[in-house]
Amino acid sequence: MFLLQSARVLQTEMFTRLPDRFRRTGVRSPWADANRGGQPTDSFLEGPVFDAAGNLYVTDIPFGRIFRIDPQGQWELIAEWDGEPNGMKFLDAHELIITDYRNGLMSCDIRSGVVKPFLDRRNSERFKGVNDLIFDSRGNLYFTDQGQTGLHDPTGRLYRLRSDGRLEVLLSNVPSPNGVALSPDERVLYLGVTRGNQVWRVPLLEDGSVSKVSAFFTSYGPSGPDGLAVDAAGRVIVANPGLGLVWVLNHRAEPEIVLRSCAGSSLTNVAFGGHNRTTLYCTESVTGSLLYAVLDVAGLPIHVPGVDRRE
């Protein structure tokens with residue numbers, strides 16, 4: 001495939017797998033029936049994010065769980081509720097904001113495991129099914145509302161929840177909006193468009209609007225771009241389930257590095273961590289695994305609005 005010709009190809013390695021004691025073997029879930037064709041699904045990991053101590057948090061979508069994984073790879077269940085959690089980011093040192101497909105935006109206190117609504121509706125209307133999120137340096141929250149949209153129904157939305165509580169629809173014509181990431185200067189938002197098999201480039205204008213949205217990168221295969229990240233050089237990192245690849249794209253959307261999964265093809269999301277934030281961790285959702293690879297550039301710091309630091 002032409003996208004791989006000039007790229008350096010690296011193999012990921014196994015960091016840790018969901019222990020058997022946490023796997024819901026033989027248990028059906030409405031989420032798996034709808035999104036995995038009823039295939040046996042004992043877990044589906046997503047939403048990786050690190051805390052200041054180097055612990056990695058992941059969601060388990062079909063069974064409404066959040067796990068904490070310490071630097072040695074030991075797992076702890078910290079929350080469980082009647083939801084379908086996907087992406088997560090820290091609001092402060094102890095509170096996660098979660099995109100819950102079933103319930104909207106939720107918050108979780110990682111000390112107590114208490115989960116409660118954060119933003120469950122817009123103008124009394126339920127969301128289609130929120131998916132992923134990111135904060136900017138001013139505390140504004142960008143999040144995607146994917147639902148079951150796709151090329152047959154390009155009505156997925158990109159929202160911005162301002163730090164003063166105003167909720168704005170930035171895009172409402174997206175065929176399956178998924179992962180979100182910001183450029184280093186925060187003038188561009190990158191948007192994973194899964195069913196369109198693309199990553200869109202969304203310019204963020206000074207007046208708060210968007211204009212001249214374009215297709216930055218086009219992939220191929222059965223399932224398009226999912227979770228995104230950006231490194232300190234401005235390269236866009238794209239998890240591509242279906243292919244079992246992670247693309248590291250330069251400013252021209254040319255793959256410089258391609259990571260291959262060492263365990264399954266469902267690489268859904270990514271997060272930088274480890275020493276100097278140069279280790280990229282990837283969720284391989286179907287096998288319940290966390291994979292990793294050491295890259296040549298550190299990940300861009302992730303903003304935590306309630307903490308005077310960057311994660």
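Just so it is clear, none of the values below were taken in a lab; they were calculated from the coordinates. Keep in mind that this is a model prediction, so the values were computed, not measured. Cβ placement follows ideal geometry from the backbone for every residue including glycine, while neighbour counts extend to all protein chains displayed.
For the reader, a short list of remarks on this structure follows.
- So LEU45, is it buried (at least 17 other Cβ atoms within 10 Å of the Cβ) and under 18 Å from GLY299 (Cα atoms): no
- Residue list for region 58-74, restricted to those being surrounded by 18 or more Cβ atoms within 10 Å (Cβ to Cβ) and of a type outside the set (Ser, Thr, Tyr): VAL58, ASP60, ILE61, PRO62, PHE63, GLY64, ARG65, ILE66, PHE67, ILE69
- Sub-8 Å Cβ pairs linking a first residue in region 264-293 that is farther than 26 Å from TRP31 by Cβ to a second residue that is of a type in the set (S, T, N, Q) and assigned to a loop (DSSP other than H, G, I, E, B), at least 6 apart or interchain, are PHE272/THR278; TYR292/THR12; ALA293/THR12, ordered by first then second residue.
- Screening the candidates LEU259, LEU291, LEU280 for the property of being buried (at least 24 other Cβ atoms within 10 Å of the Cβ), hydrophobic (A, V, I, L, M, F, W, C), assigned to a strand (DSSP E or B) and more than 16 Å from the chain's Cα centre (by Cα) yields one hit, LEU259.
- Subset of region 144-158 [of a type outside the set (S, T, N, Q) and either in a loop (DSSP other than H, G, I, E, B) or free of Cβ contacts under 8 Å to residues at least 40 places away in the same chain (or both)]: ASP145, GLY147, LEU151, HIS152, ASP153, PRO154, GLY156, ARG157
- Residues that are touching a Pro at 6+ places or on another chain (Cβ under 8 Å) and hydroxyl-bearing (Ser, Thr, Tyr) were ranked within region 128-165; the one that is surrounded by the most Cβ atoms within 10 Å (Cβ to Cβ) is THR144.
- Hey, THR278 within 17 Å of SER223 (Cα to Cα) and β-branched (Val, Ile, Thr) or not: no
- Elements of the type strands (runs of 3 or more DSSP E) sitting completely within region 182-238 and holding at least 2 residues that are more than 21 Å from VAL304 (Cβ to Cβ): these cover 188-193, 198-203, 214-218.
- Residue selected from region 92-137 under the condition of a type outside the set (Ser, Thr, Tyr) and in contact with a His (Cβ under 7 Å, 6 or more places away or on another chain), by the criterion farthest from PRO305 (Cα to Cα): ARG111
- In region 3-24 there is no residue matching the filter, namely being under 18 Å from the mean Cα position of the chain (by Cα) and part of a strand (DSSP E or B).
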